[in-house]
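The values are calculated or read from the model by the stated rules, or taken from the named source; none is laboratory data. Fair warning: this is a prediction, and the values are worked out from it, not measured in the lab. Cβ coordinates were reconstructed from backbone atoms using ideal geometry, including for glycine residues, and neighbour counts include every protein chain displayed. What goes into the accessible areas is simple: the full protein's heavy atoms, side chains included, and nothing from ligands, DNA or RNA. Shrake-Rupley method; radii C 1.70, N 1.55, O 1.52, S 1.80 Å.
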Amino acid sequence: MAIATASASRIPIADYVTGIPAGDRALLARAITLVESTNPEHGRLAQAVLQELLPKTGNAVRLGMTGVPGVGKSTTIDQLGMNLIADGHLVAVLAIDPTSKRTGGSILGDKTRMSSLAQEKNAFIRPSPSSGTLGGVTKRTRETMALVEAAGFDVVIVETVGVGQSEVAVADMVDFFLVLLLSGGGDDLQGIKKGIIELADMIAINKADGDNIKRAERAAADYKAALQIFTPAGATWFPPVVTVSGLDNRGLKELWAKVLEHRNKMTATGEFQSRRQAQAVSWMRDMLENRLMAALKANPQIAAELPGIEASVRDGTLLPTLAVERIMAMMKLQ
Ligand code: GDP
């Protein structure tokens with residue numbers, strides 16, 4: 001990794017700017033390495049490349065997908081991706097998982113989990129960065145999304161598991177947020193996390209195959225009823241609930257048709273554009289927060305005094321508000 005990053009930083013910006021849109025995958029991978037690097041100089045180079053490539057970004061269908069481990073995300077993405085490639089699309093798969101470790105186990109976006117796509121020249125799979133805060137991982141995924149779009153990928157799938165705020169982070173960077181669920185035994189709605197229904201643009205009950213089809217359809221009816229409660233009357237989009245089988249490639253064509261229908265409807269009302277605009281501002285705010293926190297942690301005076309300040313807050317001799325005032329003064333922010 002260190003060697004790849006070192007050589008990535010020696011490539012002139014102009015080479016990235018012409019090579020990535022021309023389809024040079026090696027340069028794309030190197031640019032992503034720069035985006036993922038923690039070295040500030042690499043960060044600056046990555047920003048310069050991104051700024052130049054900005055006019056070539058934004059053209060992909062951005063699809064987010066979430067679901068618990070085992071629900072069938074990789075099987076579904078593998079199959080859906082193959083369908084899309086057969087229709088002439090270029091498909092990139094990215095992942096957000098702040099808990100992922102490169103050692104053992106299946107990690108999101110792992111190529112071995114998507115064995116057909118992994119062999120396709122029209123697919124690009126990038127696992128979640130193996131460490132970092134959610135904010136850091138989110139920033140890198142957004143920037144990687146811009147790079148793959150500039151490289152001509154017209155479908156970007158961002159997958160995540162339901163860890164903490166990662167679903168909110170993904171919903172905040174995609175056009176369409178798909179929640180994969182399984183049919184449970186009895187009361188299916190028990191299985192759904194609070195808040196997820198509000199984020200979903202569609203729910204797909206997976207593994208609707210074999211003798212599970214009837215159960216999946218019953219679950220779909222339950223979720224439909226639940227969504228009815230959450231969707232405001234008169235909304236442009238009413239999140240559909242479908243049943244699919246990633247394994248048998250059942251329902252995936254219809255699923256994609258819904259994604260496109262959503263795009264058309266939201267484009268017609270202007271909501272597509274305003275969602276993208278709001279996401280750009282939200283990207284900026286997230287980054288600003290990250291930078292401010294990083295600057296705070298890097299400030300030597302704060303680093304020296306923070307343990308003492310926290311001790312005083314802990315033993316009740318310093319009011320939290322006053323502690324914040326002192327830290328802000330050290331940052332010269334007031
Ligand atoms: P992930 O952890 O969400 O990525 O789930 P995987 O795609 O790895 O799938 C977990 C397990 O469920 C694997 O054994 C798959 O073969 C199986 N599986 C995935 N999709 C389906 C499906 O549509 N039907 C059935 N019957 N099994 C599936």
Accessible carbon and sulfur surface of the range 281-330 relative to its total accessible area, %, 1.4 Å: 65
Cβ neighbours within 10 Å, averaged per peptide: list 56-66, 15-25 in order, most packed at the top. 56-66, 15-25
For a quick check: with amide H placed at 1.01 Å from N, whose amide H comes under 5 Å from M65's, ignoring anything fewer than 5 positions away on the same chain? V158, E159, T160, L178
Using only DSSP helix segments of four residues or longer, with each worth -39500 (n - 2.57), what per-residue ellipticity at 222 nm results for the chain after dividing by its residue count and rounding to 500? -16500 deg cm²/dmol
With equal scatterers on the alpha carbons only and no solvent term, can you work out the Debye log10 of I(q)/I(0) for the chain at 0.13 1/Å? -1.02
Mean Cβ-within-10 Å packing, highest first, puts peptides 298-307, 142-151 in the order 142-151, 298-307
Per residue, what accessible area does the chain have, given a 1.4 Å probe and all protein chains present, in Å²? 49
How many percent of DSSP beta bridges within the range 123-274 run antiparallel, rounded to 5? 10
Of all the accessible heavy-atom surface of the range 57-268, with the other protein chains kept in place and a 1.4 Å probe, what percent is carbon and sulfur? 53
Given that compact globular proteins tend to follow 2.2 N^0.38 Å, what is the ratio of the alpha-carbon Rg of the range 1-56 to that value? 1.00
The size of the Cβ-based charge dipole (Lys, Arg +1; Asp, Glu -1) of the chain about the Cα centre, to the nearest 20 debye, is 340
14 Å reach of a label modelled at L322, 7 Å along Cα-to-Cβ, counting backbone N of the range 279-309: 309
Once you list every other residue whose beta carbon is under 14 Å from the beta carbon of L318, what net charge do they have if Lys and Arg are +1 and Asp and Glu are -1? -2
